[in-house]
1. Determine which single condition Lys126 fails, assuming it passes every other condition in (1) closer than 30 Å to Asp464 by Cβ; (2) surrounded by fewer than 17 Cβ atoms within 10 Å (Cβ to Cβ).
2. If I go through region 327-337 residue by residue, how many of them are surrounded by 19 or more Cβ atoms within 10 Å (Cβ to Cβ) and outside any helix (DSSP H, G or I)?
3. State whether the residues of region 306-325 include one that is over 24 Å from Ala197 (Cα atoms), touching a Leu at 6+ places or on another chain (Cβ under 8 Å) and at pLDDT 95 or above.
4. So the check is Cβ under 8 Å with 6+ separation or different chains; which pairs have a first residue in region 114-129 that's outside any helix (DSSP H, G or I) and a second one that's of a type in the set (Ser, Thr, Tyr)?
5. Looking only at region 174-199, filter to residues that are touching a helix residue (DSSP H, G or I) at 6+ places or on another chain (Cβ under 6 Å) and not in a strand (DSSP E or B); which one of those is farthest from Asp28 (Cα to Cα)?
6. What number goes with the only condition from (1) at pLDDT below 95; (2) closer than 22 Å to Leu99 by Cβ that Ile227 does not pass?
7. Filtering region 1-25 down to residues that are under 19 Å from the mean Cα position of the chain (by Cα) and of a type in the set (A, V, I, L, M), which residue is nearest to Val125 (Cα to Cα)?
8. Determine if region 248-256 includes at least one residue that is touching a residue at least 60 places away in the same chain (Cβ under 8 Å) and within 18 Å of the chain's Cα centre (by Cα).
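The values are calculated or read from the model by the stated rules, or taken from the named source; none is laboratory data. These figures come from a predicted structure and were not determined experimentally. Reconstructed Cβ throughout: ideal geometry from the backbone, glycine too, with neighbour counts over all protein chains shown.
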Amino acid sequence: MSIKYKSTRGAQSGTSCTQAIVNGLADDGGLFVPESIPRIDLPFSRLSQMSYNELALYIIQKFFPDIDDLKNCIDSAYDEKFDAKDKVELVESCGAGFLELYHGPTAAFKDMALSLLPYLLTSSVKKLSIDKDIVILAATSGDTGKAALAGFAGVEGTRIVVFFPNDGVSAVQRLQMITQPEPNTFVVGIDGNFDDAQTGVKNIFSDSSLKKELSESGFMLSSANSINIGRLVPQIVYYVYSYSQLVANGRISEGDKVNFVVPTGNFGNILAAYYSMLMGVPVNKLICASNENNVLFDFIKTGVYDRRRELVKTNSPSMDILVSSNLERLLYHLSGSDSDRISALMDSLSTEGLYRIDDSMSDSLSIFEAGFATESETLDAIRAVYEDCNYLMDTHTAVAYKVYQDYKKETNDSTFTVIASTASPFKFTKSVSTALGIDSENDEFELMYMLSKISNIPVPYGLDGIEKKQIVHKTTCQKSEMKDALTGFLNME
């Protein structure tokens, strides 16, 4: 069966998965969603016997049946680049299951989707007989950028341009991006925050005159952010994987519900957990974990999304976001596929800076819980879990753990809980070292090796020696100059 895609804002429907992947964003500015959600039709005991690659093929094929060489795409993406036997690891510690999603080449969960997206995109381009170079645009709060660069570096027929906030990423994240050597890559630091970068990318996508100029020059835009359905769907797999492994290990019985706690800013990772639930994973609660930029916490608690606040720079920078793009997809499902309603909400967010959902949508939101952690609470969580359980977390995972502890105290919920562990602690060594009482006056790269020695955990291979790499990308621009930076890189000026 060939599943089709439609825009959350109603102007496009009946779109093939290949066209949705290539376009990234719908023409009306909406996000592509499947016209129906496929169901898991095998028992989890059977799924648990599959390798990660086999499970990925089973799940992703349901969403992308038009990708002719999907097995080859998956096997090429999930290969020896991942240093975990099953690509991800589910580790039980301190009363929860930590779903470690950071065993890929850039030591962050974004590898799980962005290792595959280039293969999905090039396969789609071939199927659609597109004769233009694909220009990938990405805005990043730290991890998407490097994962996208690593995925698309050197891929024939593609260029990739990544915009990041100059002062909004860790030193390790910055160096990961600006040392990418391939000539089809371009990295630009902007004088603004992640929301500025994300808005700038969306504005480029919606600029019809620029699209025409690009087309005449032999280019076509696509996205590597989670607004691209080709980026979102692969993330569903690891939630199905975690549940099937819990069944296989006897930790739960098939049919028992679980909680997922997900640290998120742009809402994509927790939306993938929601999709896994719609597919048939038994879920009790989806717990959204925020840092002090707690716009999602406020929304889930009140039904009001209000971005009219100052962005706070925190020690969990990948979540320093006030405009959560993927929330639009959730709203679409909660509204009963009411695209007119979604368009009105998004217009209100754009013009007024806020929107309020109605009671029926609020009722449908009840599967979600939410919490947030301050910077000091984040450090306390890292220290407590390391001292009590000898388990080392990064700052984003620590936010999720703190939120989970608060949730347990408030509810006494004993449901087995899986925490999405989204990045290696070695990506945020200053904060992690501070939490552990290590002298953090050293630079982040010296601290990586100190932390490795103290914890007896090897530095991830993708980070080891990064401080010695040559800096390739030195371009910076104002947030109003992002279009010019793009056309300059493409030699269109």
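1. Among (1) closer than 30 Å to Asp464 by Cβ; (2) surrounded by fewer than 17 Cβ atoms within 10 Å (Cβ to Cβ), the lone unmet condition for Lys126 is (1).
2. Going through region 327-337 one residue at a time, the tally reaches 1.
3. Within region 306-325, none of the residues are over 24 Å from Ala197 (Cα atoms), touching a Leu at 6+ places or on another chain (Cβ under 8 Å) and at pLDDT 95 or above.
4. As it stands, the answer is Ser115/Tyr78; Leu116/Tyr78; Leu128/Thr18, since those pairs meet every condition given.
5. Leu175
6. (2)
7. It comes out as Val22.
8. No; the residues of region 248-256 include none that is touching a residue at least 60 places away in the same chain (Cβ under 8 Å) and within 18 Å of the chain's Cα centre (by Cα).
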